[in-house]
Structures are given as C-alpha cells and as structure tokens.
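First comes the structure, then the notes that go with it.
Read-outs: derived from the displayed coordinates by stated rules, not from any lab. Computed from a predicted model, the values in this text were never measured in an experiment. Methodologically, a virtual Cβ is constructed for each residue, glycine included, from the backbone with ideal geometry; neighbour enumeration extends over all protein chains shown.
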Amino acid sequence: MSTDLQNKIIFQQVVELLQNARQQVLRTVNSTMTFTYFEIGRMIVEEEQNGKERAQYGKQLLKGLSQQLTKEFGKGFSVESLDRMRKFYQIYSISSSLMTKLENQKKQSLTGESKDLILKSVISFSKLTWTHYVFLMRIDDENERRFYEIESEEHNWSVRELKRQYDSALYTRLSLSCDKEGVLKLSEKGQIIEKPKDIIKDPYILEFLGLPELHQYSESELEDEIINKLEHFLLELGHGFTFVARQKRITFDDKHFGIDLVFYNRILKCFVLIDLKIGELKHQDLGQMQMYVNYYDREMRLEDENKTIGIILCQNKSEAVVRYTLPENNEQIFASKCKTVLPSVEVLKELIENK
C-alpha cells in the first residue's frame, strides 16, 4: 500500500472519529440542557404551590427570577422562557412518551433510583432537543403531541421536518383512515406499517413543489417538480421508501406504457407504483393502474417479495368511482388526492367532520 493511500485512509478514520465525537458532545449538551430546564420548571412549580395566591405569586416569582438570572447568566431567562420551562415540567411530569419510557425503566430498575434520576437518564437517551420540545408543547392535544414526539425521535426529524409534518397535518391525515383503536396506537407507538393501506395518506400534501392549487400545470410538470424535490417527496411518502425509476417503460403486444414513478418500500418489501393525474379521476385510470400492478406482480416481483401496490395521485376523485371500479377486497390499488398548498384549518376541520 502506498504512503499517500495509507495517509488518506488514516485521515478519513480520524475525520469520522472527530465527527462522531462532535455529535456525541452535541447530544450530551442538548440532553443536559433539556433536563436542566425540566428541573428549573419543577422548582418553579413547587415554589408556586407554596404561594398563597398562586396566580399573582407566580407572576412575581417569574419576574424576579428572570431579573436575577439574566443579571447572573445573561440572555435566555426571560419571563417567557421561564414560563416555557414551567410548562415543560407540567406537561412531561404528567403524561408523555417520555414518561411512558420512564415507567418502563422504573420497572426494570433494581437500584431504587428516584423518579427524577431515572427521568434524567431517559432524557439523556432522547434524540430530541429543547427546540423540539418547545415546538411540541404548542400542541394542545396530548395524543397528537405524543405521536409527533415518537415520530421525531424514531426517524430523526429535525425541528424543520417536525414543523413541516405538523403543518401538513400528518397526524390528522393518518387518523382519518383509522378506527378509535388505530388512532390510540398512533399516540402510543407512532405510525406502524404492517399492510399496504398503512402507508396510504389521503390527501398527500406537496406544498414544497411550489405549484399552485390549480390546473395551471401538466402531469409532466408535476412529475418534474417531484423529481427535483425527491428528498421532500420521500419524506411525504413516509417510512421505508426508496426511489427506483421515473417513466418506467413496459412493453407487451408492441404497445408501450410509461409508469410515472416507481418506488420500493423496504418495510413492506414490495414495489410501489405511482401515477399522476391532473383533474378528476376516471375509472380508466384505475384500470390502467391495475394493469401496471399485474405486470409488476407477474414479471418483476421476486418470490420473497410481497404484492405490488399502486397509488394514483389526483386532484379530485369520486369515492363511488373508486369503490365500484376496484374489487371489494382490494388491498393493492389506492387513489388519493394531492394538494400543492398546505390545507387551511377550515379544510382540516371539514376532513375530520366528514370522516
């Protein structure tokens, strides 16, 4: 082995070691800061509970504490910041996925450690930062907050990704296709993918494409923008997706067909075919997708792989057309609306009411 090559190998190994060490330091700093804020919140709450006129005393306490801490440590201890720490303790000392982990760890603990000491170790292993928790605390519904907390930690969402998923109402969209037991599982375990319909969303939100919610673009333009922002589209599709091809050409009887987008889902171990349709979904579109799915099942699928899934993304659809075109026991072909702007609160409420 040449000296130059050996130096390059050593250099790469040292770089990797330093990068890992830097990440470890950042995780340690984040977890220490988060637990410290939790402890400050606990002290504030316990002190407030000793006050005779709690509301008024609480305001005076936060104001005085803010002035003293700012004088001692500088920025970061405004009344609003201290109030967030208090809220953090109030929320996460009662019910959260953190506390679920805490209870599990307490059962396994043989050392008789206190609740707060075990919580400190739980927070230390959490991948979420204080900024994650600041955002999560804005979500009033406990089940919804727990869902985003679990998904953020398990799939390493940045705060930006967390905000995007919340703004696109991921929890609401997944809840629409679930029964009460399924909705409860979302808040306890996050999104669980066991069968084809588990990966389906309706609608899909593609606001990152920058396209208007009108008929001012073609199917090819929509496809181009998806490919240009493939990373964002994969995030919207959900867990386990990898890109395979665009305009995948299949030929039989001297006729050529092009499947808009082909993906593979590693969790379900199957191909996922996506066709893009502008305007109203027609029964012919469903028939065409059935042909694509049949072709992949018979010609492309390996013996150890599961049946192919077909998804048609359209601007509008008739539930009756979908229901009567597809077989009753359909588990392979799905039609979902796609929106290129974030839905308003009114639209989300309408979706929930019409569930």
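Here are the numbers for the structure shown:
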item	result
Neighbour-count order for 314, 178, 338, fewest beta carbons within 10 angstrom listed first	178, 314, 338
Added length on full extension, which subtracts the Cα-Cα distance from 0.36 nm per residue, residue 16 to residue 63	12.3 nm
Pairwise label distance in nanometres, residue 284 with residue 32, each label 7 Å out on the Cα-Cβ vector	6.7 nm
Between region 217-273 and region 57-79, the Cα center-to-center distance that results, in Å	54 Å
Sequence-distant aspartates and glutamates (8 or more away, or on other chains) whose Cα lies within less than 18 Å of residue 75	83
Across 163/317; 197/339; 163/248; 180/201; 127/339, pairs whose alpha-carbon gap is larger than 24 Å	163/317; 163/248; 127/339
P(r), alpha carbons of region 139-192 - 10 Å bins starting at zero, rounded %	26, 61, 13
Area projected by the alpha carbon convex hull of region 224-355, averaged over all directions, nm²	9.4 nm²
Amide N of region 180-211 lying under 14 Å from the label point, which is placed 7 angstrom from the Cα of residue 143 along Cα→Cβ	180-191
